[in-house]
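What follows draws every value from the coordinates through simple rules; no lab data is involved. Nothing here was measured: the structure is a model prediction, and the numbers come from that model.
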Amino acid sequence: MSSYIYGNITVLAVAIAVNPEQIRHGAAVLTVLATAVLTYLAHVLSNIVAHGFGDDGDDAEHRETVSAIVRNANPIATSGLIPAVLYAAAWIGWLPAEWAQIAATVILVVRIGMVGVFMQRFSGKKPSFIGLWGGIVLAAVAFVIGFVKVVLTH
């Protein structure tokens, strides 16, 4: 779940940062995909390194395998797919660039906002208002993080 949230926040910051001109010229597609893929690779590498150091063989059955690390990082890579498709649609003229940017941002915020409900479902519980409310708060905090990241780094 942390990879899912992290990947969506990272791509959300890119969705906020790109401008309509970058979307119209196709640069935003590459920016979103590069962010998702490179964040994915950095996450995989850091986890492989973290799980490889200090291993004395005593806990080998408890260490994550490379395939588990790669699988657990997949939500980071997939977080950029919908925004990239929206930006590509605007690039080829099917959507106004502004609409694509708004849609990408809203979709990422909604994906983050549904985390509370998904976590309840995955744990076998019936989704509740508290799960939904927790997701809404999480989405608001994620949006603020993305926005502040853009303001401070661009």
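Worth pointing out:
- Evaluated at q = 0.09, 0.12 Å⁻¹: base-10 log I(q)/I(0), Debye formula over Cα of the chain: -0.35, -0.59
- Here the relative contact order of the chain, from alpha carbon pairs under 8 Å that lie six or more residues apart, stands at 34 percent.
- For segment 73-154, the spread of Cα positions along each principal axis, largest first, Å: 43, 29, 25
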